[in-house]
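Before any comments, here is the structure.
The values are calculated or read from the model by the stated rules, or taken from the named source; none is laboratory data. This one's a predicted model, so the numbers in the text were calculated from it and none came from an experiment. Don't worry about glycine lacking a Cβ; one is built from the backbone with ideal geometry, like all the others, and counts go over all protein chains shown. Accessible surface areas use protein heavy atoms only, side chains included; no ligands, DNA or RNA. Shrake-Rupley method; radii C 1.70, N 1.55, O 1.52, S 1.80 Å.
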Amino acid sequence: MKKVVANPMELRDAIRCEKQNISITGGFAEMLQPLATQQEANADLPIETLDLPNFVKLALDPTTMKTLSTAYQVAMKNGTKGFELEYVKI
């Protein structure tokens with residue numbers, strides 16, 4: 001079952017609950033696009049180095065980010081409903 005998230009706290013909770021599929025849509029997905037791009041390039045890149053709002057950096061602690069980058073594979077989709085990031089547990 002896909003978990004759709006709309007903010008960093010929901011994303012953090014979905015990762016902690018080990019959801020199999022996590023979908024991020026809308027403005028939140030566009031905000032996290034640099035994170036997804038960097039994840040593909042370097043899984044060990046600290047979130048502090050990315051240009052994200054402070055509330056996102058505070059909600060997504062290093063342990064959560066490590067889990068996201070090592071346990072999930074990201075796919076970027078740009079369809080008729082807008083931009084979507086879909087994380088699938090490996």
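Given the conditions (1) aliphatic (A, V, I, L, M); (2) open to solvent by less than 50 Å² (accessible area, probe 1.4 Å); (3) in a helix (DSSP H, G or I); (4) at pLDDT 80 or above, report the number of the one that I24 does not fulfil.
The one condition I24 does not meet is (3).
Just give me the residues in segment 45-63 being surrounded by 10 or more Cβ atoms within 10 Å (Cβ to Cβ) and at pLDDT 80 or above, in sequence order.
Scanning segment 45-63 gives P53, F55, V56, K57, L58, A59, L60, D61, P62, T63.
Could we say that A14 is loosely packed, with under 13 Cβ neighbours inside 10 Å, under 12 Å from the mean Cα position of the chain (by Cα) and at pLDDT 85 or above here? Can you show your working first?
On the way: loosely packed, with under 13 Cβ neighbours inside 10 Å: no; under 12 Å from the mean Cα position of the chain (by Cα): yes; at pLDDT 85 or above: yes.
Here the answer is no, as A14 does not meet what is asked.
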